[in-house]
Amino acid sequence: MAISLKKNIIFNYIGQIYMMGISIIILPLFLKLLGSESYGIVAFYMMAQGWMAILDLGMSPTLSREIAANKNNKDNLSIFQLKSLIRSLEIIFFIISILVVVLSVFGSNYISLYWLTSKDISHNVINHAVILIGIIISIRWFCGLYRSGINGYEEQVWLNKINILFSTLKNPISLVLLYITNGNLLIFFYYQVIIAAIEILCISYKFYHLLPVVKNKVPLFSWSEIKRVKSFAGTTAFTACLWVFLTQFDKLLMSKYLTLEYFGYYSLVVSVSTGIMMLSGPISTAILPRLTSLYTEEKEKMVELYMNSTRFVSITVLPISLLIILMPYQVLLLWTDNQGAATWGKELLSLYSIGALCVVYTAFLHYIQFAHGNLKYHLRYGIISAIIIIPSIYYAALHYSVYGVAVVWLARGLFGLIFWAPFIHSKFIPGIHLSWFFKNFILYAIVDILIICLFKYYLYQHLSNKYFQLSSFILVVVILLGCNFLIKKISDK
C-alpha cells in the first residue's frame with residue numbers, strides 16, 4: 001500500500017511537472033505566434049473550460065469516492081449497484097454535454113458581438129471559434145467523469161502517462177501546426193476538437209477495463225442509485241459551484257471589461273498563480289482516496305499521512321511559490337520575454353500568488369473533511385465566502401479593475417489560512433493545528449524567504465544575460481529544495 005502511494009505521488013509529480021513545464025514553454029510561444037488578441041480568445045477558451053466544473057454537479061468526485069470505498073468489494077450486487085451508478089452518471093453527463101454544444105451554437109453571436117472586444121479579429125472568426133470552444137469543453141468535461149473513476153482505482157501511474165501523451169498532442173504539436181498555418185486560430189481549435197475526441201475514447205476504454213464484471217445483469221439508469229449518493233454529491237456540487245464562482249468570476253468579468261490584448265496578459269498572470277495550486281495537485285490526487293480508506297480502517301495513520309503530505313507540499317511547492325511572489329517582474333520577463341506583459345502584471349502576480357499559496361494549504365482542510373464524509377463545514381464556509389467575496393469581486397472589478405480583484409483574492413486566501421484552518425482542525429483533528437502550521441509551514445517559509453532575498457538583492461541584479469538569469473533561478477530552486485529537505489531531516493530527529 002505504502003509503496004503504491006509513493007509511486008502514485010511520484011508519477012503524479014512527473015505528470016504535473018511535465019504538463020506545467022509544457023505550459024511554461026508553450027504559452028509565451030502561443031502569444032508570439034497568435035498575437036495578443038488571438039491569444040485572448042485562447043484565454044477565453046481556458047476560462048470557459050474552468051466554468052464547466054459547475055455542471056459536474058458533484059458527480060465526478062462522488063464516483064471517485066464510491067469506487068475508492070468499494071473497489072475491494074467482490075459482492076455481485078454491490079458491483080451491479082456501482083455500475084448502475086456509473087451508467088446513470090454517463091447518461092446525465094451526455095445530456096449536459098449536448099446542451100453545452102447547443103448553447104455555444106446559439107450564444108456564439110452574442111459573445112462575439114457584445115462580450116469579447118477585438119480590434120483586428122473579424123466577428124465571423126470569433127463566432128466560429130466560440131462554437132468550437134463549446135464542442136471542446138463539453139468533450140473534455142465528459143472525460144473528467146472517467147478520469148475520476150480511474151483515480152478512485154488509484155491507477156494514477158497510467159493516468160499520468162496518458163496525460164503526458166495528450167498534453168504533448170494538445171500543446172507542442174498544436175504549436176507546430178500554428179507555425180505551419182501562420183497562426184490560424186480556427187485550425188488550432190479544429191485540431192483541439194480532434195484530440196479531445198481521441199482522448200475520451202482512450203480514457204473511457206481504460207476505465208471500463210478496470211470495472212469488475214457483473215454476472216447475469218445489465219446495468220441501466222437508476223434513480224435509486226442517484227438518490228443514494230445525492231446528499232454527498234449535492235454538497236460536493238454546491239461547494240464546487242461556489243469554488244468556481246470564487247476562482248473564475250474575476251476572469252469572466254475581465255473578459256468583458258478588458259480588451260482581448262490585456263485579457264491575454266491577465267490570463268498569463270493568472271496562469272502562473274494557478275500553476276502554484278497545480279503544484280500541489282499530485283499530492284491531493286494521490287492522498288484523497290487513501291485518506292478515505294484509512295479513515296475507515298486506521299485513523300492514526302490517516303492523521304500521519306495528512307501531516308506528512310502538508311510537509312511535503314512545503315518542501316516542494318513553497319520554494320517556487322515564494323520565488324514568484326518575491327520576484328514577480330523578473331519571473332514574468334524571463335518567461336514571456338515581453339516587457340509590456342511583465343510591467344503590466346508584476347504587482348498582480350505577487351497578489352494572486354500569495355492568495356494561491358494560501359489556497360494550497362487550506363485545500364488540505366477540504367481533504368480531511370472529504371475523508372470523513374462530512375462536508376457541512378466546507379459547505380457553510382463556501383456559502384459565506386460566496387456571499388462576501390462575489391459581490392466584492394464585482395465591486396472591485398468595476399471600480400479598481402484587476403488590482404482590486406487581486407486584493408479581494410488575497411484577502412480571502414489569508415483569512416482561510418489564519419482563521420479557518422484552526423477551526424477545522426479543532427473539529428476533525430483536535431490538537432494538531434499549531435504543529436501543522438508552524439512545523440509544516442512557517443519554519444520552511446522563514447528559511448526560504450531569507451535565501452530568496454539574498455538571491456534577489458545580492459546576486460540576481462548583477463546578471464544581465466537571460467540564460468544566466470534562468471540558470472540562477474534553477475540553481476536557487478535546487479538550493480531551496482535542498483535546505484527544505486535538510487530542515488525535514490533535522491526536525492524528524
What is the spin-label model distance, in nm, from Val105 to Ile390 if the labels are put 7 Å beyond Cα along the C-beta direction?
3.0
At R0 = 51 Å the Cβ-Cβ FRET efficiency linking Ser435 and Tyr190, nearest 0.05, sits at 0.45
The chain: calculated mean residue ellipticity at 222 nm from DSSP helix runs of at least 4, using -39500 (n - 2.57)
-29000 deg cm²/dmol
Quick check: at a probe of 1.4 Å, how many percent of the accessible area of the range 397-493 sits on carbon and sulfur atoms?
74
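Suppose a student asked you for the relative contact order of the chain, using Cα pairs under 8 Å spaced at least 6 residues apart; what percent would you report? Intermediate results must be reported in sequence, preceding the final value.
On the way: 555 pairs, mean separation 102.6, N = 493.
Taking the mean separation of contacting Cα pairs over the length of the chain, I get 21 percent.
At R0 = 51 Å, how high is the FRET efficiency between Ser224 and Ile418 if r is their beta carbon distance? Nearest 0.05 is fine.
Numbers: r = 44 Å, r/R0 = 0.87.
After rounding to 0.05, the efficiency reads 0.70.
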Taking 35 Å as R0, compute the FRET efficiency from the Cβ-Cβ separation of Trp115 and Ser471 and round it to 0.05.
0.25
Length gain on complete extension for the stretch Tyr377 to Ile490, per 0.36 nm per residue less the alpha carbon to alpha carbon distance?
37.1 nm
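Starting from the Cα-Cα distance between Thr181 and Val157, subtract it from 0.36 nm times their residue separation and give me the gain in nm to one decimal.
5.1 nm
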Pulled fully out, how much extra length does the chain show between Tyr257 and Cys453, if you take 0.36 nm times their separation in residues and subtract their Cα-Cα distance?
66.9 nm
Along Cα→Cβ, 7 Å out, is where each label goes; now give me the distance between the ones at Tyr205 and Ile54 in nm to one decimal.
3.5
Among the listed pairs Lys119/Lys466; Lys170/Lys466; Lys83/Lys427; Lys227/Lys439; Lys301/Lys346, which have their C-alpha atoms separated by more than 31 angstrom in this model?
Lys119/Lys466; Lys83/Lys427; Lys227/Lys439; Lys301/Lys346
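Hey, what's the chain come to in accessible area per residue, 1.4 Å probe, Å²? All intermediate terms of the calculation are to be shown ahead of the outcome.
On the way: 22260 Å² over 493 residues.
Per residue, the chain has 45 Å² of solvent-accessible surface.
The values are calculated or read from the model by the stated rules, or taken from the named source; none is laboratory data. Only a predicted model underlies this, so the values are computations on that prediction, with no experimental measurement involved. Ideal geometry is used to build each Cβ from the backbone, glycine not excepted, and the neighbour counts take in all protein chains shown. Keep in mind that these areas ignore ligands, DNA and RNA; they rest on the heavy atoms of the full protein, side chains included. Shrake-Rupley method; radii C 1.70, N 1.55, O 1.52, S 1.80 Å.
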